Every structure is written in structure tokens, then in C-alpha cells.
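The values are calculated or read from the model by the stated rules, or taken from the named source; none is laboratory data. Predicted model only: the values in this text are computed from it and were never measured. Reconstructed Cβ throughout: ideal geometry from the backbone, glycine too, with neighbour counts over all protein chains shown.
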Amino acid sequence: MKSTDPANNDAPAKVETTAGGNADAKVEAAVKAAVKTTVAKTAEVTADVTAERNERYHSLGAHPEVRDGVAGARFAVWAPNATEVCVLTEGNGWQHGCDWLHGSDSGVWSGFIAGAGVGTHYKYSVRTKSGEILDKADPYAFSAEHPPATASIIHDLDQYRWNDEDWMCRRGLVDWLKQPISVYEVQLSSWKRPWDGRRYHTYRELATMLVDYVKELGYTHIELMPITEFPFDGSWGYQVTSYFAPTSRFGGPDEFRYFVDHCHRNNIGVIIDWVPAHFPYDDHGLAYFDGTGLYEHADKRQGFHPDWNTHIFNYGRQEVRDFLHASARFWCKEYHIDGLRVDAVASMLYLDYSRNEGEWVPNQFGGNENLEAIEFLKQFNTHLHADFPGVLTIAEESTSFGGVSSPVYNGGLGFGMKWDMGWMHDTLEYLKRDSIYRKYHQNELSFRSVYQFSENFMLPLSHDEVVHGKGSLLSRMPGDQWQRFANLRLLYGYQYASPGKKLLFMGCEFGQSSEWNAESQLDWSLLQFDVHDGVKRFIGDLNRIYKDYPALHELDCDPAGFSWIAADDADKSIFTFCRLGSDGSTVVVVLNFTPAPHAGYRIGVPQSGKYIEIINSDSKIYGGSNVGNLGKIASEPIPAHGREQSLKLNIPPLAMVMLSATDNSEPDDGATSPR
């Protein structure tokens with residue numbers, strides 16, 4: 001989906017709901033008007049539906065208010081097992097017993113405190129049944145203090161004025177499964193640091209720098225590792241204490257809104273990692289909120305996560321489900337987020353995940369499925385897709401659980417997409433081997449064709465693959481320096497050629513040499529070297545070709561979009577296949593996983609005509625040896641691989657080549673068949 005930057009007032013915005021050409025100005029204006037009418041009607045329906053769902057962040061938390069001419073704030077917090085709840089602020093010296101909240105049969109404590117308002121720092125002081133007093137941050141706070149400080153901050157969500165109407169109008173009309181989606185995964189604190197290293201860049205600074213960089217490389221989306229407030233830097237944001245507050249490390253809530261707004265005005269979508277699987281033990285957080293297992297299970301066999309030393313949400317409790325549902329919708333509604341990548345879904349689905357016998361409690365039928373979590377995920381996807389058309393939900397799910405990205409009405413979980421962890425694992429296992437041994441493992445790559453359309457897959461090369469001693473992707477490639485860079489480009493070429501949407505972690509796009517270090521910025525100085533700059537050039541060209549050729553994205557999630565030519569040449573470790581568009585367009589893909597070039601290698605192709613070499617990872621401009629086919633090649637009426645037409649190719653070493661089929665009606669401008 002492309003448009004002229006709406007921020008450029010000198011150029012008319014173009015509406016385009018599918019990959020392809022733009023309408024003329026009159027048609028375009030009519031379409032745009034129709035889009036806005038449709039979105040307005042959808043908004044009315046969504047408002048009604050959302051109201052029925054009871055958006056709890058409007059009623060719970062702290063909200064500026066004027067009562068009887070007195071300015072203050074209305075507070076409300078769920079703590080059903082507390083015996084007293086007070087609000088602590090600077091105004092009352094952070095003393096329990098000064099500003100009381102009133103209890104109710106629903107377990108919600110509420111009250112109005114004069115003088116509190118936007119910018120007021122506060123906590124809840126909760127007395128438990130045992131008499132202990134707990135100081136807690138507000139679970140529904142919209143803003144939080146910069147860690148290690150832990151207070152909540154009152155914020156008015158109605159102050160920011162958005163400028164992304166064009167993006168929001170188009171988003172809900174797009175079938176994203178048929179669109180090119182290439183995602184740049186980012187951890188904001190370690191992407192780039194100010195020169196002195198004493199602080200982080202702000203959301204506003206990052207908006208300009210990061211968006212310009214992402215546009216240069218041709219990505220369609222940015223995915224942010226969790227920006228929900230978290231206390232411990234070493235968790236990278238995956239141990240959340242504030243599910244409604246963007247982290248204050250980079251600025252306030254409205255600065256983050258500006259970041260998203262700026263992305264949209266430059267036609268970049270924003271996906272955030274969202275963590276409903278577990279939460280940390282920090283005293284000011286959700287853990288034992290009113291002295292009991294409130295958000296978590298009381299039984300540690302159900303409520304403790306051994307891998308991360310965290311609590312597991314009690315999905316069987318309605319108030320907990322409402323809390324998480326409200327958080328998900330909050331980011332889509334109040335921050336215009338375009339997608340939620342749900343972290344650690346596998347750990348939610350199974351009661352015995354990462355547990356030994358006797359360390360878990362079976363479900364009511366004696367099985368290991370977490371039925372309450374499964375129902376929660378179905379509701380989450382059903383409600384979110386109904387309320388926010390065009391918003392993506394993506395599951396990080398590493399098991400063979402069926403129907404993760406199938407609709408709920410068909411018995412699935414309802415996610416829009418699922419990370420293909422099997423593709424990631426098998427591909428990296430294959431590529432880390434010396435090329436002389438790859439012929440014995442040909443099936444590690446060809447096996448994916450058995451299941452590649454069983455889900456709507458995204459192919460991830462994420463942060464998880466460059467941490468915890470794994471090294472960088474470049475360092476895991478075998479051979480000398482030339483071979484390692486060639487292997488890396490081949491990996492990326494294979495990713496973009498394969499069915500599925502794309503994701504790459506920051507730094508990988510220029511071949512960072514060292515493992516990712518969250519305590520410092522990326523090794524940007526490497527771009528002064530041609531080999532690293534060549535990888536970056538290759539990624540940029542891959543993104544542009546992926547968007548420009550419908551055969552490479554339109555049927556990413558449809559078996560009609562893929563056809564093998566041959567996967568059985570294990571001796572040469574060569575794979576050949578076709579990517580197909582709904583209009584009959586064809587892109588032929590050739591992958592050579594050894595450093596041996598091959599002249600005159602014949603492959604069958606689906607149609608006669610000329611084939612343009614649209615990208616070659618061995619090109620000199622990327623750091624390769626420049627073996628190729630002089631730009632284009634003509635097919636011959638010689639049968640091969642069960643097809644009547646074939647190509648006689650020069651196949652470069654450790655390389656991926658894509659060729660786009662044309663027809664014989666085009667004038668002969670020098671296409672050759674190498675002999």
C-alpha cells in the first residue's frame with residue numbers, strides 16, 4: 001500500500017488499496033471520499049461495539065475531573081481483598097490515611113481528590129487482610145515515572161491531535177495477507193544512542209531518524225520490542241508493570257503518539273510486542289496486588305513461570321481478561337497501533353509448558369491445554385479484529401498447535417499471522433553447516449513445503465537469534481569472509497523468495513559482526529566497509545522487488561502462489577521454484593548453497609519467453625563475484641523438470657537469483673541463452 005507522504009502539502013495524497021497502479025485524480029478523489037464515508041460508518045459501529053465491551057481504562061485509573069467547580073482527579077482501582085485503599089501523592093506527603101478511596105461490592109475502590117491533576121505523581125496504598133500496607137502503581141495508569149522510580153502519573157489522553165487520517169482510512173480496507181509486509185524489528189534504546197551515550201534518543205528524535213532509515217531500506221512496518229513500561233532494562237521490555245503506559249525512557253505518552261503519527265504520515269506501519277503471557281514480581285506491580293493472587297493464580301503450579309521467574313495471568317478470572325482486552329484495544333485506539341505481536345503464545349497454550357511432571361495442574365478434562373488461555377486468545381482476536389479492521393495480530397508460537405491463524409469461526413485462535421519458527425530454526429541449522437555437508441541435509445529446507453500454507457506465516461529472523469551466546473547472523477555463517485557474507489545474502493534472498501511475510505532484526509540488515517548488545521547502539525561504523533554496505537544495499541533492493549512484483553507477495557499465504565521446479569539436486573545443493581501471482585505473473589527463484597558456480601545449468605520453466613534477472617545476490621554491488629546471465633535470458637523449447645520450456649543458466653556461487661518471466665511479444669533487445 002503506497003501513497004504520497006501526507007505531510008507533503010505540495011503533493012496530493014494517492015489512495016491505493018492493492019499493490020499496483022494509482023487511479024487518476026478524479027477517480028482517486030471519489031475513492032478517497034468513499035473510503036472516509038465507509039470509515040466513518042465503521043467508526044460508529046465500532047463505537048457501539050466498544051462501549052458494549054466496557055473499556056475499563058475509561059472507568060478505572062486516574063482521570064482529571066472537575067466536581068462542583070473544584071478541579072481534581074477521579075481515582076478507581078480494583079482490589080477486592082483489600083481492607084483499605086488510599087491514594088499517595090506529593091500533596092499528602094505520600095502518607096497512608098490522608099486521601100481515602102471508598103470500597104464497593106464489586107471490589108473497586110474509588111474517590112475524588114481535589115487538587116490532583118495532569119502531571120500528578122501517585123500510587124495506591126493498599127492495606128491487606130493481614131494488616132500489611134502495599135504501595136502499588138496504578139494498573140491502568142497512562143504514564144509512569146522513569147525507572148527506577150515507580151510512581152504513576154496522571155495524563156490526559158485527549159490533548160494530542162492526530163495527523164494520520166489518510167493512513168487510518170486506508171488501513172481498514174486492505175487485505176494485508178495479499179500485501180507486501182516487510183518488518184524491521186527494533187529495540188529503541190539500542191538502535192542508536194546520542195553521541196555522549198548518557199541518555200536515550202527521544203521518541204521525537206527517533207521518529208525522524210528511524211523513519212528516514214526505514215524508508216531508505218524500503219520496509220513497510222516497524223516492530224517495536226515492548227514499549228509498555230517496564231522496570232528492568234535487562235528484560236528488554238518483556239516484564240511489564242504498566243500495560244497502558246509507554247515507557248518514559250524516551251519521553252511522554254504524547255511524544256510516543258507523535259512517533260506513531262510520523263510513521264503513518266510516511267506510510268510506515270507500527271507493530272508493538274505485547275506481553276499477556278506473564279508479568280514480573282516487582283513490589284509496585286501487579287503481583288499480589290491486594291495481598292492475594294489477584295491477577296495471577298494463587299497456586300504456583302498454575303501461576304509461576306519457571307523460565308522467566310514471573311507470574312502467569314489467571315485467564316479464568318473475568319476482571320483479568322477485561323484488563324488484558326482493554327490493554328490490547330487501548331494501544332490500537334489511543335495510539336493508532338497497526339498490529340500486536342503477541343509474545344510467548346506457546347507458553348500460554350500449554351499448562352505443562354517448560355514444566356516437569358508434578359509441577360503443573362491438568363485441565364478439567366485431564367489434558368495439558370490451558371483452556372482458559374485458549375478462550376482468552378480467541379476473544380482477544382475476535383474483539384480486536386471487529387473493533388479495529390486492518391489491525392494485525394501476530395502470534396509468536398513455536399509448537400504445532402493447529403489453527404493459530406485460522407478464524408475463530410473455523411475453530412482457530414483467530415490470529416492474522418503466525419511466526420514460522422520451524423522455518424527459522426531449520427534454515428539457520430542448514431546454513432551454519434559447511435557447504436560440503438549441506439547435500440546431506442537437503443530436506444531441512446525442502447521440508448517446509450509440507451506445511452508452509454498450513455498457517456498465514458511470517459518468516460522471522462528476530463532478536464532471539466542474535467543473543468544469549470548465539471552470535472550475530474553473520475558470525476554463524478561458515479567459511480572465509482567472502483563466503484560468510486555470501487551466505488548471509490543468500491539467507492536473506494531465501495527469506496524474501498519464500499512464501500510468507502518478512503521480519504528482520506535491526507543490525508542484521510548490514511551484517512553486524514557482533515552479537516546484539518542491548519546496552520549500546522548498533523555497530524554503525526561497519527557501514528564504512530563495502531561488504532557491510534553491500535548487505536544493506538541488498539536488503540533495500542529485496543524490499544523494493546518484494547513490493548514491486550505481486551508474484552512475490554500477493555499469494556504469500558495461498559498454495560497457488562508457489563510451485564517447485566526441483567528440490568532434489570542435493571549433490572549441488574541447488575533449489576529452484578516459482579512464485580506466482582494471481583494474474584499469472586511468474587518469478588523464478590534459483591538458490592545455490594555451495595561456493596561452486598555452475599555454467600549451463602538447465603531448469604524447466606512454466607512459460608516461454610524472456611526472463612529478466614531482477615536480482616542476483618552475487619552482484620558486484622552487493623559484494624559478490626558478479627556471475628550472472630547478462631541481465632536476461634530467453635527460454636528454449638527443450639523439456640526439463642516436466643515442463644516444455646527451459647532455461648540454460650549461469651548460476652553464481654552461494655547465491656540467490658530471481659528471474660521475472662515476460663512474453664515473446666516484447667521486442668528482442670539482446671536476451672541470450674548461454675551456451
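What the table below lists for this structure:
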item	result
Residue pairs meeting the criteria (Cβ under 7 Å; at least 6 apart or on separate chains; first outside any helix (DSSP H, G or I), in segment 537-556; second charged (D, E, K, R))	Glu554/Lys178; Asp556/Lys501
Residue identified as in contact with a His (Cβ under 7 Å, 6 or more places away or on another chain) and assigned to a loop (DSSP other than H, G, I, E, B) among Ala287, Ala298	Ala287
Only one of Asn487, Asn543 that is of a type outside the set (A, V, I, L, M, F, W, C), crowded, with 20+ Cβ neighbours inside 10 Å and within 16 Å of Leu459 (Cβ to Cβ)	Asn543
Qualifying residue in segment 264-280 (condition: of a type outside the set (Lys, Arg), surrounded by fewer than 19 Cβ atoms within 10 Å (Cβ to Cβ) and on the phi < 0 side of the Ramachandran plot)	no
Scope segment 289-303; condition within 21 Å of Leu351 (Cα to Cα), crowded, with 17+ Cβ neighbours inside 10 Å and not small (Gly, Ala, Ser); matching residues	Leu294, Tyr295, Glu296, His297, Gln302
Filter pass, Ala346 being of a type in the set (A, V, I, L, M), under 23 Å from Asp426 (Cα atoms) and in a helix (DSSP H, G or I)	yes
Count of residues meeting criterion [of a type in the set (A, V, I, L, M) and closer than 30 Å to Gly500 by Cα] in segment 152-180	4
Filter result (outside any helix (DSSP H, G or I) and within 25 Å of the chain's Cα centre (by Cα)) within segment 422-462	Tyr451, Gln452, Phe453, Ser454, Glu455, Asn456, Phe457, Met458, Leu459, Pro460, Leu461, Ser462
Which listed residue, of Ala566, Ala655, Ala570, Ala596, is surrounded by fewer than 18 Cβ atoms within 10 Å (Cβ to Cβ) and in contact with a helix residue (DSSP H, G or I) (Cβ under 7 Å, 6 or more places away or on another chain)	Ala570
Segment 193-228, subset over 19 Å from Glu145 (Cα atoms) and hydroxyl-bearing (Ser, Thr, Tyr), residue modelled with the lowest pLDDT	Thr208
Criterion (touching a helix residue (DSSP H, G or I) at 6+ places or on another chain (Cβ under 9 Å), surrounded by fewer than 23 Cβ atoms within 10 Å (Cβ to Cβ), of a type outside the set (A, V, I, L, M) and more than 30 Å from Gly269 (Cα to Cα)) met by exactly one of Glu334, Glu319	Glu319
Gly403 vs. criteria touching a Leu at 6+ places or on another chain (Cβ under 7 Å), within 26 Å of Leu503 (Cα to Cα) and in a loop (DSSP other than H, G, I, E, B)	yes
Residue count, segment 395-411 (criterion: within 19 Å of Ala344 (Cβ to Cβ), among the small types (Gly, Ala, Ser) and surrounded by fewer than 23 Cβ atoms within 10 Å (Cβ to Cβ))	4
Where Ser619 falls short, out of the listed (1) over 30 Å from Arg484 (Cβ atoms); (2) polar (S, T, N, Q); (3) surrounded by 22 or more Cβ atoms within 10 Å (Cβ to Cβ)	(1)
Those residues of segment 72-84 which are buried (at least 18 other Cβ atoms within 10 Å of the Cβ), touching a Ser or Thr at 6+ places or on another chain (Cβ under 7 Å) and within 21 Å of Thr241 (Cα to Cα), in sequence order	Phe75, Ala76, Ala82
Count of residues meeting criterion [under 17 Å from Pro148 (Cβ atoms), under 17 Å from the mean Cα position of the chain (by Cα) and not hydrophobic (A, V, I, L, M, F, W, C)] in segment 229-269	1
Flag if Glu465 is over 29 Å from Thr393 (Cβ atoms), out of contact with any Gly (no Cβ under 6 Å at 6 or more places or on another chain) and either assigned to a loop (DSSP other than H, G, I, E, B) or free of Cβ contacts under 8 Å to residues at least 60 places away in the same chain (or both)	no
